[in-house]
1. Which condition breaks for residue 273 when tested against (1) more than 9 Å from the ligand (Cβ to nearest atom); (2) modelled with pLDDT of 95 or more?
2. Being open to solvent by less than 50 Å² (accessible area, probe 1.4 Å) and part of a helix (DSSP H, G or I) is the filter here, so list the residues in the stretch 75-104 that pass it.
3. Given the criteria of a type in the set (A, V, I, L, M, F, W, C), touching a Gly at 6+ places or on another chain (Cβ under 8 Å) and crowded, with 21+ Cβ neighbours inside 10 Å, does residue 65 qualify?
4. Can you name every residue in the stretch 106-162 that is in a strand (DSSP E or B) and either in contact with an Asp or Glu (Cβ under 8 Å, 6 or more places away or on another chain) or within 16 Å of the ligand (Cβ to nearest atom) (or both)?
5. Looking at 219, 234, 255 in this structure, which one is touching a Leu at 6+ places or on another chain (Cβ under 6 Å) and among the aliphatic types (A, V, I, L, M)?
6. Determine whether the stretch 236-252 contains at least one residue that is more than 15 Å from the ligand (Cβ to nearest atom), among the aliphatic types (A, V, I, L, M) and in contact with a helix residue (DSSP H, G or I) (Cβ under 8 Å, 6 or more places away or on another chain).
Amino acid sequence: MSIALIYPQRDVSDWVAALQAQEPELDIELWPEIRCPERVEFVLCWNQPAGLLQQFPNLRGISSFGAGVNHLLNDKSCPVNIPLARVVDPDLKQSMAEYVMLGVLVHFRRLADYRRQQELGEWLVQKVPHLSTIRVGIMGYGEIGRYVAHKLTDFGFKVHGWRRNRQHRDKLTVYTGEDELGEFLKRTEILVCLLPLTVDTENILNLQTFRQLPQHAYLINAARGAHLVEADLLAALKSGQLCGALLDVFRDEPLPGHHPFWKHAKITITPHIASVTNPESAAVQIVENYHRALRGEPLHNRVDRGRGY
Ligand SMILES: NC(=O)c1ccc[n+]([C@@H]2O[C@H](COP(=O)([O-])OP(=O)(O)OC[C@H]3O[C@@H](n4cnc5c(N)ncnc54)[C@H](OP(=O)(O)O)[C@@H]3O)[C@@H](O)[C@H]2O)c1
């Protein structure tokens, strides 16, 4: 029995080392040089080629290399009867918290204005409100969203969340479902999208959503590119409904060279680096899930195919 790693255009030697550090005898196959597909019982994959997962007749479990699973849910060759897991990891949450904190602080302390002033040789003090009055709304109050929200709260920002289902143990104010989306947006000066991409959340960052935010709100999208209607962002920036955006994810990645976002003065772009899975910290749960799959036990961090995350 073996575990196959499928990650096109990525050197996975760090993953191999991390997995073997957990279990030196682990039999690891590396796509595209899979010697014996019949022996593969667990697959770890990211952006796998279409149809590939059908080649493993004895598969017992599948895991994403990261937190997202759209590449698996959208893959018709991904067997529906095989349990699917994703990575939920403290390092991933911490890294995302750093990214969001960076975006919030750069915006709130007006670093872009100072950069422009520097270019003009201008010494001018910009007024900023007290941080405790800045209202940050976390759209997607899940594993990562909750951690980010608590880090921002600890730092002193006013934070609230939005999720699908109410949970009574939520410590912050959390709005739920379509019915409370308007209330959530009305109170949000910095909107942070950390939703999974599902049929309900695709295109959710649109003009109708932006119009419910206070004027000159700021957007951070670190979830998935398809959450955002790109033309609506451009329109909202033009009208002043939004004053700027930090984007880590895009519909087409890498972002095409001619894309209007590249040169937009109010948009900051990063190349999908907000939070990258650290093999060393994630390897423990992958090896654990591998053994759970072999024993026929439920996987940790299992994905619910019905709800799409
Ligand atoms: N850019 C990067 O580098 C990077 C890195 C890691 C992750 N990500 C992305 O970050 C996102 C969040 O990951 P995660 O691990 O935190 O996901 P998660 O634990 O599954 O959390 C998802 C959250 O979204 C909420 N949600 C789902 N559908 C909703 C809907 N229709 N309406 C309202 N709320 C809804 C869920 O509500 P309930 O709690 O009520 O179920 C949950 O709170 C994913 O898109 C992932 O791909 C990006």
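The values are calculated or read from the model by the stated rules, or taken from the named source; none is laboratory data. Predicted, not measured: the structure shown is a model, and the values here were computed from it. Every residue, glycine among them, receives a Cβ derived from its backbone with ideal geometry; neighbour counts consider all protein chains shown. Please note that ligands, DNA and RNA were not included when accessible areas were found on the heavy atoms of the full protein model with its side chains. Shrake-Rupley method; radii C 1.70, N 1.55, O 1.52, S 1.80 Å.
1. So the condition that residue 273 fails would be (1).
2. 92, 93, 95, 96, 97, 99, 100, 101, 103, 104
3. no
4. 135, 136, 137, 138, 139, 159, 160, 161, 162
5. Result: 219 is the single residue among 219, 234, 255 that is touching a Leu at 6+ places or on another chain (Cβ under 6 Å) and among the aliphatic types (A, V, I, L, M).
6. Yes: the stretch 236-252 contains one or more residues that are more than 15 Å from the ligand (Cβ to nearest atom), among the aliphatic types (A, V, I, L, M) and in contact with a helix residue (DSSP H, G or I) (Cβ under 8 Å, 6 or more places away or on another chain).
Residue-wise test of (1) farther than 20 Å from residue 104 by Cα; (2) touching a Phe, Trp or Tyr at 6+ places or on another chain (Cβ under 9 Å).
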| position | (1), (2) |
| --- | --- |
| 162 | no, yes |
| 171 | yes, no |
| 187 | no, yes |
| 195 | no, yes |
| 204 | yes, no |
| 209 | no, no |
| 213 | no, no |
| 228 | no, yes |
| 253 | yes, no |
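This table checks each residue for (1) farther than 29 Å from residue 282 by Cβ; (2) free of Cβ contacts under 8 Å to residues at least 40 places away in the same chain; (3) open to solvent by less than 60 Å² (accessible area, probe 1.4 Å).
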| site | (1), (2), (3) |
| --- | --- |
| 59 | no, yes, yes |
| 113 | yes, yes, yes |
| 117 | yes, yes, yes |
| 136 | no, no, yes |
| 146 | no, yes, no |
